[in-house]
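Below is one structure, written out as structure tokens; comments come after it.
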Amino acid sequence: MAEITERKRAVIYTRVSSVEQTKGFSLETQERCCRDYAVGLGYDVAKVFVERGESAKTADRTELQSMLRYMALNSKSLEALIVYKVDRLDRNTMDHGQLKVLFKRYGLRLLSATESFDDTPVGKLMENQLAGFAQFDNDIRSERCRNGMIAAAASGRYVWVAPLGYLNGNSRNGPSLVLDTPEVVRLVRKSFELVDTGLTLPEARQQVTKEGLRTSKGKALSANGFRKMLTRKTYTGSFTAFEETVRGDFEAIVPEEVFLRVQPKLHRARSTGRIVAYRINNPDFPLRGAVRCAKCGTLLTASNSTGHGGRYGYYRCPQCGGPSLGKAQVEGQFTQLLNSVSLEPALTKLLGLAIDANLESKRSMGVKQMSQLKVRLGALGTRHRQILDKSLSGVFSDSDTKRLLSETEQESDDVQAQIALAEGSELVPEQVIKTGLAILQDMGTFWQKAGLTTRQQLQRFLFPEGIPFGQSGFGTCKTAFCIQQKAVVSMAENTVVAPRRIELLFGD
């Protein structure tokens, strides 16, 4: 009876990236060639490990690590590892040496289906040369990539992952960064503004987190992450790359002057161990962070001083050292200013009608937009299935399939996010509108009776960029749209009725 001998067994490792696929090194070609080579040498193929689109710069690859674990568990029944070329296994001579030590420990031979080397001195030299050329090729590509990044950055293109508030642009002809959703952009900008107006970092972070600011992974920003965000010059529309500061090809989120004012507040030095009691949100000084120096534009600070048998409050400019302004004087004139910009009942009624007309328009637009988004989502689902079908039929290569699926899935995520935002958004309740209109008719009285937080919110709403104050009183500044009387009339004429009929509204 003839003696039955056990067949030799080997594993196959294949790898591709999008660059290699353009040269014809497809997964199918590699595996077929390796299997033919195994048959020619009398090996049975125990298992094939397929690495899809991962670089060989390091050994930290998913399938490579799985293969090494498999080898450790089955080393007694394996004799060889077969690859299409040495550079499929690694592109780093140090990694190649370490892998060879492991293969020797497991008693495995490394074989290449398209390259000739063995365990002879000449064969070992050839193998080392092949590994060296693989690393040389990889180093050349890395250098070209770095040079390309330097050139792109010099032209204003941001070549890294977009910071919070931006998204990486998909078009080479368009900006390298595009703005995220309006709500995310608003909260990033507000983070700077809150710190600029005097809030501490924990207070500012708590406020924007409460309003919904989240990282790209849906998590609230940590204290360190929030501080780091506020140090990123990218938000001013410029960035520093390769020791050069350049103007970016994208839109700024934060004015540069605001960014520069915020930076010193992130790194307050403590020269002594003495802790100074200082409250940013002090109810004694509601206008702190809202009123600017008429001379230099710096936000006024405030404090109490004692003398003449009493305690007196003052607002002053910390920048130009102008004269201190009495608390009663500043707040009294601010109350008068609010009374002067309060709306007459006729204008309030006009504004209410315009708001109702706009809300009704938004309701109609919301229904239409939701319908369009759902149709688009269905079309993307169909496109996803079509890409998979064409991939299975061989019409699309692996790299094209991966790219097209990624683009489709990204767009689907964007559409789903828009749907979720539309479903979660609510129009302003009628009672809130009535209360707001009532406040606009007598803002001075409302401000005097309100608590600190409400006062601050009203101040930021009415005067979003702050309001200058000097010896001659309050100056002019940008104000909220709703207290611009000409704007109210214009909005009502454009959204409610023709001008000739406005007089009929108040003819009773």
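The values are calculated or read from the model by the stated rules, or taken from the named source; none is laboratory data. As the structure is a computational prediction, the values presented were derived from the model and not from experiment. With ideal geometry, Cβ positions are generated from the backbone for all residues, glycine too; neighbour counts draw on all protein chains shown.
Quick check: anything in region 386-404 closer than 26 Å to Leu440 by Cβ, assigned to a helix (DSSP H, G or I), of a type in the set (Val, Ile, Thr) and in contact with a helix residue (DSSP H, G or I) (Cβ under 7 Å, 6 or more places away or on another chain)? Outline the logic, then answer.
Kept after step one, since they are closer than 26 Å to Leu440 by Cβ, are these residues of region 386-404: none.
The answer is no, given that none of the residues of region 386-404 is closer than 26 Å to Leu440 by Cβ, assigned to a helix (DSSP H, G or I), of a type in the set (Val, Ile, Thr) and in contact with a helix residue (DSSP H, G or I) (Cβ under 7 Å, 6 or more places away or on another chain).
Are any residues in region 364-422 of a type outside the set (S, T, N, Q) and under 20 Å from Glu28 (Cα atoms), and if so, which ones?
Residues of region 364-422 that are of a type outside the set (S, T, N, Q), as a first pass: 365-368, 370, 373-381, 383-385, 387-390, 392, 394-396, 398, 400, 402-405, 407, 409, 411, 413-415, 417, 419-422.
Matches in region 364-422: Ile387, Leu388, Asp389, Lys390, Leu392, Gly394, Val395, Phe396, Asp398, Asp400, Lys402, Arg403.
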Exercise for review: Being of a type in the set (Gly, Ala, Ser) and either under 23 Å from Ala450 (Cβ atoms) or surrounded by 13 or more Cβ atoms within 10 Å (Cβ to Cβ) (or both) is the filter here, so list the residues in region 310-343 that pass it.
Suggested key: Gly313, Gly322, Ser324, Gly326, Ala328, Gly332, Ser340, Ser342
Practice item. Working only within region 4-33, note down all residues that are at pLDDT 90 or above and closer than 19 Å to Thr62 by Cβ. Key: Val11, Ile12, Tyr13
Review point. Which condition does Thr382 not pass, out of (1) modelled with pLDDT of 80 or more; (2) surrounded by fewer than 16 Cβ atoms within 10 Å (Cβ to Cβ); (3) in contact with a helix residue (DSSP H, G or I) (Cβ under 7 Å, 6 or more places away or on another chain), if it passes all the others?
Key: (3)
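Please work out which residue is nearest to Ile12 (Cα to Cα), limiting yourself to region 37-61 and to residues that are of a type in the set (D, E, K, R) and modelled with pLDDT of 90 or more. Please lay out each step first, then the result.
Filtering region 37-61 down to residues of a type in the set (D, E, K, R) leaves 44, 47, 51-52, 54, 57, 60-61.
Keeping just the survivors that are modelled with pLDDT of 90 or more gives 44, 47.
Numbers: Asp44: 10, Lys47: 6 Å.
Checking each candidate, the answer is Lys47.
From the list Ser364, Ser340, pick out the single residue that is among the small types (Gly, Ala, Ser), within 30 Å of Val291 (Cβ to Cβ) and either modelled with pLDDT of 85 or more or out of contact with any helix residue (DSSP H, G or I) (no Cβ under 9 Å at 6 or more places or on another chain) (or both).
Values: Ser364 fails: within 30 Å of Val291 (Cβ to Cβ).
Sole residue among the options that is among the small types (Gly, Ala, Ser), within 30 Å of Val291 (Cβ to Cβ) and either modelled with pLDDT of 85 or more or out of contact with any helix residue (DSSP H, G or I) (no Cβ under 9 Å at 6 or more places or on another chain) (or both): Ser340.
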Revision key, fill the gap. Log entry, pairs with first residue in region 179-207 being in contact (Cβ under 8 Å) with a residue 24 or more places away in the chain, second being outside any helix (DSSP H, G or I) and acidic (Asp, Glu), beta carbons closer than 9 Å, six or more apart or on different chains, reads Leu179/Glu251; Glu183/Glu211; Leu187/Glu211; Val188/Asp180
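Considering region 430-480 alone, what residues qualify as being hydrophobic (A, V, I, L, M, F, W, C), surrounded by 12 or more Cβ atoms within 10 Å (Cβ to Cβ) and part of a helix (DSSP H, G or I)? Break it down into steps so the answer makes sense when it comes.
Let us first name the residues in region 430-480 that are hydrophobic (A, V, I, L, M, F, W, C), namely 432-433, 437-440, 443, 446-447, 450, 452, 458, 461-463, 467, 469, 474, 477, 480.
Filter again for surrounded by 12 or more Cβ atoms within 10 Å (Cβ to Cβ), leaving 433, 437, 439-440, 443, 446-447, 450, 452, 458, 461-463, 467, 469, 474, 477, 480.
Residues satisfying the conditions are Ile433, Leu437, Ile439, Leu440, Met443, Phe446, Trp447, Leu452, Leu458, Phe461, Leu462.
I'd like the residue in region 165-201 that is of a type in the set (Ser, Thr, Tyr) and assigned to a loop (DSSP other than H, G, I, E, B) and, out of all such residues, is surrounded by the fewest Cβ atoms within 10 Å (Cβ to Cβ). Don't jump to the end; show me each part of the working.
Just the residues of region 165-201 that are of a type in the set (Ser, Thr, Tyr), to begin with: 166, 171, 176, 181, 191, 197, 200.
Restricting the remaining residues to those that are assigned to a loop (DSSP other than H, G, I, E, B) gives 171, 176, 181, 197, 200.
On the way: Ser171: 8, Ser176: 22, Thr181: 14, Thr197: 18, Thr200: 16.
Among those residues, the one meeting the criterion is Ser171.
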